[in-house]
Amino acid sequence: MFHQSAIEVQESTPCTTLIKENFTRISLTLNDGFSPKANPTLNKSSCYIFLVLPSFVITQDGPPAVYQSAEGDALLALNADFKHYFLVRNWTGLPCYFLNKPPSRWYGIQCLNGRVTGILLENMGLTGEVNVHALVDLTELSSLSFKNNMISGNLMDFTFNTKLRSLDLSDNLFDGPVSNSLLGLDVLESLQLQRNILTGPIPEFNQQSLAEFNVSDNNLSGKIPRTSFLQSCNSSSFAGNPGLCGLPTLKTCGSAYSEPATANNNKNKTIAGASLISIFVVLDIIGLVIVVLLFYVYYKKAKKNKTETKEIKLEEQENEKRNDKIGHGASRPAARGDGRKLTFLDGVEHFELQDLLKASAEGLGKGNFGNVYKAKLENGPEVVVKRLRDLRPLTDDEFAKQMRLIADLKHPNLLPPLAYHFSKEEKLMIHKFLANGNLFNRLFGGRGINRIPFKWNSRLSVAQTVARAMEYLHLNSKVQNAIPHGNLKSSNVLLDANEMAIVSDYGLASLIALPISAQRMSSYKCPEYQTRKRISKKADIWCYGSLLLELLTGKISTYSAPQGINGVDLGSWIHKAVREEWTAEIFDLEISRQRNAGDGMLRLLQVALRCCDKSPEKRPDMEQVVREVEEIRICESDYDSDFSFEQSVSA
Ligand SMILES: Nc1ncnc2c1ncn2[C@@H]1O[C@H](COP(=O)(O)OP(=O)(O)OP(=O)(O)O)[C@@H](O)[C@H]1O
C-alpha cells in the first residue's frame, strides 16, 4: 500500500532542489521525458510531483527498493559522454522504475530491485570518452559490455563495482594502462579487453573467480606476471601485443625483464653495490645537470606553445564569428598559420582556403573519419570538404605524396580529390559535389509510397561500373602499404545525375593508424581479419561481393550498416535460405518481380557468393569479376511481371 499526494511546483522551481530540500527519499511518477538532470526546471503546467509515501518504491517483483538518483545521474552522465542520438531519446524518465511493466524501459540497462545491475550497449557505434569515475555510483553493477563501439579514453575506475562478474570492453579505442582497480574485483569471471589501444604492463590478475581473460591486440608491454591465473591462460589471450613477453607466450624476455632478486643474489648484489656507490654518485651529479637542462628546455618550449595556442584560439574564434555572420550552424573547418593554403591536384589554383571558409556550408554527414560538408563557393562550384581525423602521424611530404598517388588514379567511375589542405590542426580533402546522393540511400532510403523504384537494369549497371572502377584500382593503385580501396561500401558509391555509380573514398587506409582502420573500415570486417587478423587486396573483393548482396537482396549488410543501424550477415543468411530452399525470398521484391531479370539476378548472386567466400584464396580477382558481371546482359524490357524461380541457386 502507498499513499499519493500531489504538490504543484512553482514555475521555475528546480526539481532537484525541491527534492533535496523537502524529502530525504522520494520516488517520482512523471511522464516520459522527465529527467531531474536533463530538466532541472519544469514548467508549472507540466510539472506535478506525486509523492509516494512511504518513501520507497514498491517493486512488483522483489523487495521494496529506493530510487537511486545517483545511479540515474551516473547513467545520464554516460549518455552525455556518448551523445548517441538513439540513447538521448530513449533514456528518459527514470531508470529501473518498477511501478510499470516492463520494469526498465532504458535501452541496454538491466535492473534488479530498482538498482542498476547491467549495462549492455554493444555494436552501437558509440563514440566519446567515458569519465574515469563514471561507474563509482553503480555499486550493484554485475555486468558491463560496451563491446564493439568506438569509445576512447582511459579505462574506468572499478574500485566500487565489487559485484562485477562480466566486463567486456573489447573492440573499442580505450587507451592508457589496464586499471589496477580491476584487481580488487573478487567475483569477476570474464574480462574482455581485446582490440583496444591499451598500453603498459598487465597487472597481477589472480582472482579465483576468473574464467575468461583476453587482452589480445593492444599495445601492452613487459613481462606477463607469473600469477597462477595468468600462467594458466592460453597464449592467444595475449596475442597481438608486440611488447609482451614471457610465458604463456613463446617470446622470451630480455634482461630488462629479469625475475625479482632472490635472497641469495641480494647478498651478492649488496657487496657489488658497495663498490658501485662511487660510480652512482658521479652518475647522480651528471643526471642532475641533465634534469636541470631538460627543465630549462621544457620551460622555453611550454612558453612558446602557450603563445601558439593563444593564436589558434583567437583565430578559431574569428572563424566562428565569421560563420555566425553568414548564418551557418555547422562548425566548419578552420585553418591557420603558414599552412593556410589549398593544394590543387591538377596544379591550377581554382579558389583559396579563405573562399571555402567564406562559402555557405551545409553538413552532409559524419563519416568514420570526420565530418563532411558541402560548400557553395561564390560564383564557383559546389564542393565537398572532408575533415580528416585520427590520421597516423604524417609529415607534410608523406601526406602530399599519398594525395598525389590517389589523385593520379584516373577512371570515369572514380571520384578523385580536387585539392587538399594539410596543417597541424586541420587535414582537409576537397572533392566535387555529386548531387544524387549515395547508393546506400538509393537502396534503403525512402521505401515509402513515393519511392521511385530502383530497377534491375540500374542495379546491374551499378554492379558493372563499380566492378570496372575496382578493377582499375586493383591494377593501378600505387598507394603504399594498403589495400587499393580499403573502404568499399554502399555509402561510398555515389550516384551522378544519370544514376551512374562513382566510387569514392579510396586509398585512405594508408593514412589511418591500424587500430582505427581495423575498427572503422569495411575491408577489415572480412572473415580473415576477424578470425586471423589477415588482410590483403582480397578484402576489397569481399567488400564488393557484400555490396552485390545488398543490391540483390535490398537488405542492409552488417559490413556497411551505419552507426546505430543493425545490419544482416547477408552471406550466412543467403546460405541458410538456399539450404532451406526458400530461395525466392532472397531477392528484393522491387527487382524479383521484373520479367527477364531472373537469370541475371541468379548469375550476379553466384558472383557475389564467390566474392564473399570465407577463404580469400578462393575469391576471384577483380579482372575475373569484371568479365563475369559484364557477361550478364542488361534486360531489353524493364517492366514488372511475376517472376518464378525455375532455376536453383548453386552456391
Ligand atoms: N562528393 C560527394 N558528393 C556528395 N555527397 C558526398 C560526397 N562525399 C561524401 N558524400 C556524402 O557525405 C556523407 C558522409 O560521407 P563519408 O564518406 O565521410 O561517410 P561514410 O561513407 O558514411 O563513412 P566513411 O567515413 O567510412 O566513408 C555520406 O552521406 C556521403 O554519401
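So here's what we get for this one:
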{"read-out": "Set S560, S536, S461: member being away from the ligand (no atom under 16 Å from the Cβ), among the polar types (S, T, N, Q) and not in a helix (DSSP H, G or I)", "value": "S536"}
{"read-out": "Meets criteria (under 17 Å from L164 (Cβ atoms) and among the hydroxyl-bearing types (S, T, Y)) for S209", "value": "yes"}
{"read-out": "Filter pass, S517 being within 16 Å of the ligand (Cβ to nearest atom), touching a Ser or Thr at 6+ places or on another chain (Cβ under 9 Å) and touching a residue at least 40 places away in the same chain (Cβ under 8 Å)", "value": "no"}
{"read-out": "Single match in S221, S235, S216 (criterion: modelled with pLDDT under 90 and touching a Leu at 6+ places or on another chain (Cβ under 9 Å))", "value": "S235"}
{"read-out": "Residue within the stretch 473-484 that is among the polar types (S, T, N, Q) and within 16 Å of the ligand (Cβ to nearest atom) present", "value": "no"}
{"read-out": "Which numbered condition C543 misses (of (1) within 28 Å of R447 (Cα to Cα); (2) touching a strand residue (DSSP E or B) at 6+ places or on another chain (Cβ under 9 Å); (3) not in a loop (DSSP other than H, G, I, E, B))", "value": "(2)"}
{"read-out": "Pairs where the first residue, in the stretch 437-451, is within 25 Å of N487 (Cα to Cα) and touching a residue at least 12 places away in the same chain (Cβ under 8 Å) and the second is small (G, A, S) and more than 16 Å from the ligand (Cβ to nearest atom), C-beta under 8 Å, 6+ apart", "value": "L443/G554; F444/G554"}
{"read-out": "Conditions (1) within 19 Å of S491 (Cβ to Cβ); (2) within 12 Å of the ligand (Cβ to nearest atom); (3) outside the structural domain of I512 (by the TED database): number failed by N413", "value": "(2)"}
{"read-out": "Residue count for the stretch 492-505, restricted to those that are in contact (Cβ under 8 Å) with a residue 60 or more places away in the chain and surrounded by fewer than 20 Cβ atoms within 10 Å (Cβ to Cβ)", "value": "5"}
{"read-out": "Residue identified as within 19 Å of L121 (Cβ to Cβ), out of contact with any strand residue (DSSP E or B) (no Cβ under 6 Å at 6 or more places or on another chain) and either at pLDDT 95 or above or outside the structural domain of M521 (by the TED database) (or both) among L173, L193", "value": "L193"}
{"read-out": "Residue within the stretch 378-385 that is closer than 25 Å to A513 by Cβ, outside the structural domain of Y544 (by the TED database) and modelled with pLDDT of 90 or more present", "value": "yes"}
{"read-out": "Filter result for the condition that a residue is closer than 17 Å to Y544 by Cβ and either over 23 Å from the mean Cα position of the chain (by Cα) or assigned to a helix (DSSP H, G or I) (or both), over F440, F454", "value": "F440"}
{"read-out": "Failed criterion for L167 (all others in (1) within 16 Å of L191 (Cβ to Cβ); (2) at pLDDT below 85 hold)", "value": "(2)"}
{"read-out": "Selection status of S522, within 11 Å of the ligand (Cβ to nearest atom), in contact with a Phe, Trp or Tyr (Cβ under 8 Å, 6 or more places away or on another chain), among the small types (G, A, S) and at pLDDT below 90", "value": "no"}
{"read-out": "The stretch 361-391, residues that are out of contact with any Asp or Glu (no Cβ under 9 Å at 6 or more places or on another chain) and more than 11 Å from the ligand (Cβ to nearest atom)", "value": "A361, N379, P381, L391"}
{"read-out": "Residue match in the stretch 441-448 (condition: modelled with pLDDT of 90 or more and more than 15 Å from the ligand (Cβ to nearest atom))", "value": "no"}
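Condition check ((1) out of contact with any Ser or Thr (no Cβ under 8 Å at 6 or more places or on another chain); (2) crowded, with 23+ Cβ neighbours inside 10 Å; (3) modelled with pLDDT of 90 or more) across all residues:
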| position | (1), (2), (3) |
| --- | --- |
| L488 | no, yes, yes |
| Y529 | no, no, yes |
| K537 | yes, no, yes |
| D569 | no, no, yes |
| H575 | yes, no, no |
| E580 | yes, no, no |
| E585 | yes, no, no |
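The values are calculated or read from the model by the stated rules, or taken from the named source; none is laboratory data. All values derive from a computational prediction rather than experimental measurement. FYI the Cβ positions are ideal-geometry reconstructions off the backbone, even for glycines, and counts take in every protein chain you see.
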